Amino acid sequence: MTAAKAADVVPDLLTRLAAALAPGATVEAGAGQTAVDADALTLAALLARRDTADWTGGGLCDRPGDDPEKCAGAAATLRLWTNRRCLVVPRSFAQRERFAAAAAASEAAGWPVFLRPSGGSAVVHRPGILNISLVTVRRAGTIDIAEAYRMLGARIVAALGALGVPAALGAVPGSYCDGRFNIVAGGRKLAGTACLLRPAGARIGMLAHAMLAVTGDVAADVVAVARFEAEMGLAPAYDACAHVALAELVESCVIAGPGD
Amino acid sequence: MTEVTVPTELWDMGDEAAISAWLYAHGDAVAAGAVIAEIMVEKSSFELVAPASGTLNILVAAESPVVQGQTVARIA
């Protein structure tokens, strides 16, 4: 494989990944906080649907007798989106004493900081990172956090497999916002994941989302996160080599492929 | 007096959980159904909802660890 051939593979990679995740889906190009907030609005809307008198969708998997096989599609919405370059942190960060100064310093460095309702710590959004948001509503007691992560993770792992990139769920020591349910390829973190759980009576709404580095400089991402967290008074100790972008993996997979 | 408790069955007993933020202050009036706190566990944020209306009496400070079933506040 020549460099020119490899370059041909990469530019449409985000589109190809999106198609593998959800054929026919469009990728929204978001703009900051509004794009982040859309996930929680979707969750609220899905929770509210059951409360409307004209709800005929059935099968939200939140009633005894709902067939999970039949309602899997109706019970969930999948949103694919990118954002402009920024950092996104759990909203609880905003209550910390040093947040305002740290956010101002980050913005001055070209990384404005926005808030999200899910857990974890600081992550990066930018046009080369695909955000994958899965919103589902279930009957309380029928799903837990691990299951929500596995639902999202299985979909992403399958899509990556379709692109020829083997991946799995796991922790990656040295990565920012590390956790047990990262998407890992070749021992490096390709995507981070987080969840929001919102109880609503006998139901529970769950948002599970991932930010997957498709293209771009993941080392620069790590620097931005570490700088912000240091300003927050935390003690970031990250290894840029713990992260990888999909483009690197696809190039190497193609280059190593038979016939080249 | 209504107790506000940490949910059960949403995560493994061994997972570390903590109150990441109270969204109301001790002594504030809260309405039933309002999200009054967030519990962080396994990079997930669980929204703790007020089970009743009244005055919030916080028993566990923000950023403190909690366990399943623990009473973290009372509403009177």
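Probe radius 1.4 Å, ligands and nucleic acids left out: which of A:150, A:138 has the largest accessible area, and how do the rest follow?
So, going from the largest accessible area down, we get A:150, A:138.
What is the set of long-range amide H partners of residue B:49 at a cut-off below 5 Å, with H atoms built 1.01 Å from backbone N?
HN-HN under 5 Å from residue B:49: B:36.
Other chains' Cβ within 10 Å of B:25-38 residues: what's the mean? Please list the in-between numbers first.
Values: counts 0, 0, 0, 0, 0, 0, 0, 0, 3, 0, 3, 0, 1, 8.
Other-chain Cβ atoms within 10 Å of each residue's Cβ, averaged: 1.
Rounded to whole Hz and in sequence order, give me ³J(HN,Hα) for region A:30-35 from the Karplus expression 6.51 cos²θ - 1.76 cosθ + 1.60, θ = phi - 60°, writing x for Gly and Pro.
With the stated coefficients, region A:30-35 comes to x, 9, x, 4, 4, 5 Hz.
Which three numbers, in whole Å and largest first, are the semi-axes of the equivalent ellipsoid of region B:2-75 derived from its Cα gyration tensor as √(5λ)?
Details: eigenvalues 82, 26, 21 Å².
One finds semi-axes of 20, 11, 10 Å for region B:2-75.
What size of dipole, in debye to the nearest 20, comes out for region B:2-75 about its Cα centre when the only charges are +1 on Lys and Arg C-beta atoms and -1 on Asp and Glu C-beta atoms?
Using Cβ point charges on Lys, Arg, Asp and Glu, region B:2-75 gives about 280 debye.
Please tell me the relative contact order of chain B in percent, rounded to the nearest whole number, where contacts are Cα pairs under 8 Å and at least six residues apart. Each step should come with its number before you reach the end.
Working: 181 pairs, mean separation 32.4, N = 76.
Worked out over chain B, it gives 43 percent.
From the phi of every residue in region A:199-205, what ³J(HN,Hα) in whole Hz does the Karplus formula 6.51 cos²θ - 1.76 cosθ + 1.60 yield, where θ is phi - 60° and glycine or proline is x?
Result, ordered by residue: x, 8, x, 7, 10, 9, x Hz.
At a 10 angstrom cut-off on C-beta neighbours, averaged per residue, how do the peptides B:61-71, A:186-196 rank from highest to lowest?
Order by mean packing, descending: A:186-196, B:61-71.
So if I place +1 on the C-beta of Lys and Arg and -1 on the C-beta of Asp and Glu, and nothing else carries charge, what would the dipole magnitude of the protein assembly as shown be about its Cα centre? I want it in debye, nearest 20.
Roughly 380 debye for the protein assembly as shown.
The values are calculated or read from the model by the stated rules, or taken from the named source; none is laboratory data. What you are looking at is a predicted structure, and each value in this text was computed from that prediction instead of being measured. Cβ atoms come from the backbone with ideal geometry, glycine included; neighbour counts cover every protein chain shown. Areas reflect the complete protein model, heavy atoms only, side chains present, ligands, DNA and RNA absent. Shrake-Rupley method; radii C 1.70, N 1.55, O 1.52, S 1.80 Å.
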